[in-house]
Amino acid sequence: MPEERSIKLINGNMMPLLGLGCWQSPVDEVSAAVEAALECGYRHIDTAYNYLNEEGVGEGLHNWLKKSKAKRSEVFVVSKLPMIGMYEGGVKNYLVKSLEKLKLDYLDLYLIHCPIGMKGSHDRDTFPKDSDGRFIVDYATDLIAVWKEMEKMVDLGLVKSIGISNFSMKQIRKICAVARIPPSVHQVEMHVEFQQDEMHKFCEANNIIMTAYAPLGSPGRPATSKSVPELLKNPVVKLVADNHKVTTAQVLVRYWIQRGVTVIPKSVNKQRIVTNGDVWSFKLSDVEIDALLTLDKGEEGRSFDFLSVLTGFSDHPECPL
């Protein structure tokens, strides 16, 4: 039997295991990247209002739909609520803006991008700062109220599934305790050096599918107070890759797929997009999975050091770290 390439969410909707991440993809390059991904078999596109590139993502999606004559329902599109939209009325406001930019009638999945609300001065002021360079956080952020607004978006037919990103287990418990529509997905940093084992088990116990961002270590981003992990050069990953005659990136993607985690490697390079997505022709053995498990560094392996970069976040009562 052919391998399943999608996983069932708690509400019965199917989510493709492999997606294209669009963070830091320039708006003038992301359109071609989305097209290239869809042409070579990706059926899951992940973007966000904060990325300020949804117009390009929508252009690439619609170009492919027109050329391929495929149906909108064949592509799983994800976007995220910006931190400046975490207030009553803000959820619908920014969701509608995302839909307009993407030129879509609905999203397959809408995530709360981060549990910390912020106060922007205008719609593109996604990371507002004060005169001292500190981020302007909204100390009155009410996660329960925001979640209730998210549920309304499902009722309105604007989204099919809702979820969260960068939340703590405590915050997820809070949401699940009152949710009429429980979260379907939790998107977090996840790679072989930061495997989030406790969070993974917690989400599995609560029927929440995890999405791994930065599965390749996000090598193109600038380093913060922590260095960017060089996962593509890891000798254990390279040994596994050589054994299957594939790239280290393919091994890093395949690892999470076999563990039932959706994965969104990012690239705007067509050849890399094709290669990163070619993960269905080989399978990691139990011994190889166990070897990759040993690379986990626990919390030390976290490479997105939000608190050192986003000054003022640590003062917020909902800071998840």
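Bear in mind that the values in this text are calculations on the coordinates, not laboratory data. No experiment lies behind these values; they were computed from the predicted model shown. Positions of Cβ are backbone-derived with ideal geometry, glycine not excepted, and every protein chain shown enters the neighbour counts.
Which of (1) farther than 17 Å from Ala214 by Cβ; (2) in contact with a strand residue (DSSP E or B) (Cβ under 9 Å, 6 or more places away or on another chain) is the odd one out, the single condition Gln24 does not satisfy?
With respect to (1) farther than 17 Å from Ala214 by Cβ; (2) in contact with a strand residue (DSSP E or B) (Cβ under 9 Å, 6 or more places away or on another chain), Gln24 is out only on (1).
Taking interchain pairs and intrachain pairs at least six residues apart, which have beta carbon atoms under 8 angstrom, with the first residue in the stretch 157-182 and closer than 16 Å to Leu109 by Cα and the second assigned to a helix (DSSP H, G or I) and of a type in the set (Val, Ile, Thr)?
Every condition considered, the pairs that remain are Leu158/Val96; Lys160/Val154; Ser161/Val154; Ile162/Val154; Ile164/Ile172; Ile164/Ile175; Ile181/Val154; Pro182/Ile175.
Scan the stretch 191-211 residue by residue and report those that are of a type in the set (A, V, I, L, M, F, W, C), surrounded by 19 or more Cβ atoms within 10 Å (Cβ to Cβ) and over 14 Å from Ile164 (Cβ atoms).
Once the filter is applied, which keeps residues that are of a type in the set (A, V, I, L, M, F, W, C), surrounded by 19 or more Cβ atoms within 10 Å (Cβ to Cβ) and over 14 Å from Ile164 (Cβ atoms), the stretch 191-211 yields Val192, Phe194.
On the basis of being crowded, with 20+ Cβ neighbours inside 10 Å and of a type in the set (Phe, Trp, Tyr), does Tyr110 make the cut?
yes
Check whether at least one residue in the stretch 36-50 is buried (at least 20 other Cβ atoms within 10 Å of the Cβ), without any contact (Cβ under 8 Å) to a residue 60 or more places away in the chain, assigned to a strand (DSSP E or B) and not charged (D, E, K, R), and report yes or no.
Yes, there is a match, as at least one residue in the stretch 36-50 is buried (at least 20 other Cβ atoms within 10 Å of the Cβ), without any contact (Cβ under 8 Å) to a residue 60 or more places away in the chain, assigned to a strand (DSSP E or B) and not charged (D, E, K, R).
In the stretch 245-277, what count of residues is obtained for those that are crowded, with 16+ Cβ neighbours inside 10 Å and assigned to a loop (DSSP other than H, G, I, E, B)?
8
State which residue pairs qualify: first residue closer than 15 Å to Asp197 by Cβ and inside the stretch 251-267, second residue of a type in the set (A, V, I, L, M) and part of a helix (DSSP H, G or I) in any location, beta carbons under 8 Å apart, and separation of 6 or more residues or different chains.
Listed by first residue and then by second, the contacts come to Tyr255/Ile289; Tyr255/Leu292; Arg259/Ile289.
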